[in-house]
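Undergrad: I have a structure here, written as structure tokens, and I will follow up with some questions on it.
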Amino acid sequence: MTGRHLAVVAVLVIALALAGVWLGRMVQPAAHHSGAELHALMHDELELDDAQERSLAVLERDFAGRREALEAQLRADNARLAEAIAAEHQYGTRVSAAVDATHRAMGALQKATLEHVFAMRAILRPDQQARFDEVVSESLAQPGL
């Protein structure tokens, strides 16, 4: 097989892989995220007092910056993974290392999110915590996560 034929096959394989990913995303329902539900719960349902509202505003501001930084790291790690895949065209050492870095970034984002959830819970009264816990549990039990 000539270099030209190999290049055509490689382009076709990549195009088919991208089409498969696109099709999979269209068929599979979107993942259920609890962020909007918790936000609505905290702001609309729990009837926070003024001190709780101020504490929540600080928590949300601080977490927004942290989340943004962690998401930027995840995007950078994903870009390095794409570069490694393009360079190696197999599951080699660069791809493996890039996958590990991406997993670390995802884990750091998940841990930071959980820390934020627990920090929000900590500003609530016991009666509010019970409802908060229900929403968190229901959200995590949803199919598709």
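The values are calculated or read from the model by the stated rules, or taken from the named source; none is laboratory data. Values in this document were obtained by computation on a predicted structure and should not be read as measured data. All Cβ positions, even for glycine, are placed from backbone atoms using ideal geometry, and neighbour counts span all protein chains on display.
Undergrad: With the requirement that a residue be outside any helix (DSSP H, G or I) and without any contact (Cβ under 8 Å) to a residue 40 or more places away in the chain, what does the stretch 50-93 give you?
TA: Those that are outside any helix (DSSP H, G or I) and without any contact (Cβ under 8 Å) to a residue 40 or more places away in the chain: Gln90, Tyr91, Gly92.
Undergrad: Restricting attention to the stretch 118-145, which residues are in contact (Cβ under 8 Å) with a residue 12 or more places away in the chain, surrounded by fewer than 15 Cβ atoms within 10 Å (Cβ to Cβ), assigned to a helix (DSSP H, G or I) and not basic (Lys, Arg)?
TA: Across the stretch 118-145, the qualifying residues are Asp133, Leu140.
Undergrad: Residues that are surrounded by 16 or more Cβ atoms within 10 Å (Cβ to Cβ), among the hydrophobic types (A, V, I, L, M, F, W, C) and under 30 Å from Leu41 (Cβ atoms): does the stretch 82-102 have at least one?
TA: No, because not a single residue in the stretch 82-102 is surrounded by 16 or more Cβ atoms within 10 Å (Cβ to Cβ), among the hydrophobic types (A, V, I, L, M, F, W, C) and under 30 Å from Leu41 (Cβ atoms).
Undergrad: While we're on this one: Collect the residues in the stretch 67-79 that are within 11 Å of Ala105 (Cβ to Cβ), among the charged types (D, E, K, R) and surrounded by fewer than 17 Cβ atoms within 10 Å (Cβ to Cβ), keeping them in residue-number order.
TA: Scanning the stretch 67-79 gives Glu71, Arg75.
Undergrad: When you scan the stretch 39-50, do you find a residue that is surrounded by 12 or more Cβ atoms within 10 Å (Cβ to Cβ), assigned by TED's automatic domain parsing to the domain that holds Gln110 and modelled with pLDDT under 80, even just one?
TA: Yes, the conditions are met somewhere in the stretch 39-50.
Undergrad: Find the residue count for the stretch 71-95, including only residues that are more than 17 Å from the chain's Cα centre (by Cα) and of a type in the set (Gly, Ala, Ser).
TA: 5
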